Amino acid sequence: MPDFDLIIRHAEGQPFVGIAEGKIAALSGNGTAASEIDAAGLLLLPGVIDAHVHFNEPGRTDWEGLETGSRAAAAGGVTTFFDMPLNSDPPTVTAEAFRAKAALAAEKSVVDFALWGGLVPGHVDDLEALRDAGAIGFKAFMSGSGIAEFPSADLRTLREGMKHAARLGVLVAVHAELDHLHRESGHTIRDYLASRPIASEVAAIRAACDIAGETGGALHIVHVSSAAGVTAVAEAAAQGVDVTCETCPHYLFLNEADVERLGAVAKCAPPIRSELERAALLQCVRDGGIQTIGSDHSPAPTSMKQDVNFFRIWGGISGVQHLLPILLELNLTPVEIVRLTSTNVANRFQLRSKGGLEIGRDADFVLVSQTPETVTAESLHYRHRQSPYIGETFHATVVRTLLRGQTVWERSHGFSKGRGRLVTP
């Protein structure tokens, strides 16, 4: 009788992995298995946990959808995603809406998933039921979300929500910008980039951290775009606030000149910053000031990415498929990447079965070759094949993604039939 269901041999960084019943069963030694993967010359990493995607289902499936979104995730080495609550219709602000989305994801997703619940005015009393349904956390916007059904949380709502969340033992994530500090005038790309200054982000971060300190709640600042924002988080943490922060690959790889060159596919909020700011933010990553990296994959139909007025274009970057190749292109070490995209995410969100190469954890892996690959529209697995990275050549390529020991994506064979599962704290 074989010792394991699967053995991965001779991968860089881990020459032997034995897998049984979807779990890591051995990380050394030898043995027999029902099947083997020869990973010689390939880098083996734990699967990426992308805690920030917008797959927009139910209700806006034509923007992306759980099937195409999860396939793109798998092709990029992501084995677990956390879907945001705002773009669904209805938004995920009740337990009923949560269960409806979870059922769709269980049917359509090829990788594992968690779901955010929404913290919005009028639904604070729904937070406990969302927690009981399995919400990974509660998401609030401190500025307009762009979705009328998902209004921003004023400071009173945020304080009340964080008080409830602290009692429930659930983390709150915030989009940290303040509308009253924005300057919406003009219509050009440059006008838009100037309209949402770093001061807006920093002021919002400080306000959210103050509330977290008052309530004793756990806070996560998403998509921090500036070194000053990271500093504000670090200052609060030094004062005992339970706060962490995330940034995204596009803030580390692109700058304002790229946005002017690329146009709508590179619009996001907060906006991409100057080259000086990009370099400073990347240094924050290297210095350990940023705890997690997520893609903030936020697609929309092509028609919503076209307008003579840049302010009216839907802001969101399609990026889940290239989160990992970008981080490798930036010369982050495998140890740094594992910490930022897997271990820290699992620890912060209390996913005990995910997040590392340890015996007993889920056998979620990505195998990467050092083969250069140029991104083309045809290579994208999104519903809408648009991305700021088309034309870029990355010097690392995802060749295989495994979920609980089963191959869900292989570069030479495409996708295998699989069903993701809801993961909860």
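The values are calculated or read from the model by the stated rules, or taken from the named source; none is laboratory data. Model, not experiment: these values are computed from the prediction. Please note: Cβ atoms are built from the backbone with ideal geometry, for glycine as well, and neighbour counts cover all protein chains shown. The protein model used for the area step is the full one, side chains on, heavy atoms only, and it has no ligands, DNA or RNA in it. Shrake-Rupley method; radii C 1.70, N 1.55, O 1.52, S 1.80 Å.
Of all the residues in the stretch 128-185, those that are assigned to a loop (DSSP other than H, G, I, E, B) and under 23 Å from Val423 (Cα atoms) number 7.
Of all residues in the stretch 245-257, those satisfying the criterion of being assigned to a helix (DSSP H, G or I) and either without any contact (Cβ under 8 Å) to a residue 40 or more places away in the chain or not aliphatic (A, V, I, L, M) (or both) are Pro249, His250, Tyr251, Phe253, Glu256, Ala257. In the stretch 179-213, of all residues being aliphatic (A, V, I, L, M) and open to solvent by 30 Å² or more (accessible area, probe 1.4 Å), the one that is nearest to the chain's Cα centre (by Cα) corresponds to Ile198. Looking only at the stretch 403-417, residues that are out of contact with any Asp or Glu (no Cβ under 8 Å at 6 or more places or on another chain) and in a strand (DSSP E or B) come to 7 in all.
One residue stands out among those in the stretch 94-109 that are in contact (Cβ under 8 Å) with a residue 40 or more places away in the chain and either aromatic (Phe, Trp, Tyr) or open to solvent by less than 10 Å² (accessible area, probe 1.4 Å) (or both): the one that is farthest from Gly319 (Cα to Cα), which is Lys101.
Conditions (1) open to solvent by 10 Å² or more (accessible area, probe 1.4 Å); (2) of a type in the set (Ser, Thr, Tyr); (3) in contact with a Ser or Thr (Cβ under 9 Å, 6 or more places away or on another chain), marked per residue:
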residue	(1), (2), (3)
Thr215	yes, yes, no
Val233	no, no, yes
Ala236	yes, no, no
Pro249	no, no, yes
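Selection of first residues in the stretch 398-425 that are within 23 Å of Glu373 (Cβ to Cβ) and in contact (Cβ under 8 Å) with a residue 40 or more places away in the chain and of second residues that are part of a loop (DSSP other than H, G, I, E, B) and open to solvent by 70 Å² or more (accessible area, probe 1.4 Å), restricted to Cβ pairs under 6 Å at least 6 apart or on distinct chains, gives the following pairs, ordered by first then second residue: Val399/Arg411.
Applying the condition of being farther than 30 Å from Phe4 by Cα and aromatic (Phe, Trp, Tyr) to the stretch 374-412 and asking which residue is surrounded by the most Cβ atoms within 10 Å (Cβ to Cβ) yields Tyr389. Restricting the search to strands (runs of 3 or more DSSP E) fully inside the stretch 1-88 and requiring at least 1 residues that are without any contact (Cβ under 8 Å) to a residue 60 or more places away in the chain gives 4-11, 14-20, 33-38, 78-83.
Taking the conditions (1) part of a loop (DSSP other than H, G, I, E, B); (2) among the β-branched types (Val, Ile, Thr); (3) within 12 Å of Val48 (Cβ to Cβ) in turn, Val345 satisfies each one other than (1). Inspect the stretch 258-268 for any residue being crowded, with 23+ Cβ neighbours inside 10 Å and part of a helix (DSSP H, G or I) and give the result as yes or no. Among the residues of the stretch 258-268, at least one is crowded, with 23+ Cβ neighbours inside 10 Å and part of a helix (DSSP H, G or I), which makes the answer yes. Against the list (1) in a helix (DSSP H, G or I); (2) touching a residue at least 60 places away in the same chain (Cβ under 8 Å); (3) under 15 Å from the mean Cα position of the chain (by Cα), the condition Arg339 fails is (2).
Before we move on, is Ala204 more than 19 Å from Asp179 (Cβ to Cβ) and among the small types (Gly, Ala, Ser)? Against the criterion (more than 19 Å from Asp179 (Cβ to Cβ) and among the small types (Gly, Ala, Ser)), Ala204 does not qualify. Condition check for Asp287 on (1) surrounded by fewer than 20 Cβ atoms within 10 Å (Cβ to Cβ); (2) among the acidic types (Asp, Glu); (3) at positive phi: one failure, at (3). For Ile390, indicate whether it is in contact with a Phe, Trp or Tyr (Cβ under 6 Å, 6 or more places away or on another chain) and β-branched (Val, Ile, Thr). Considered against the rule, which asks whether it is in contact with a Phe, Trp or Tyr (Cβ under 6 Å, 6 or more places away or on another chain) and β-branched (Val, Ile, Thr), Ile390 comes out as no.
Kindly check whether there is at least one residue in the stretch 314-324 that is aromatic (Phe, Trp, Tyr) and open to solvent by 10 Å² or more (accessible area, probe 1.4 Å). Checked the stretch 314-324: at least one residue is aromatic (Phe, Trp, Tyr) and open to solvent by 10 Å² or more (accessible area, probe 1.4 Å).
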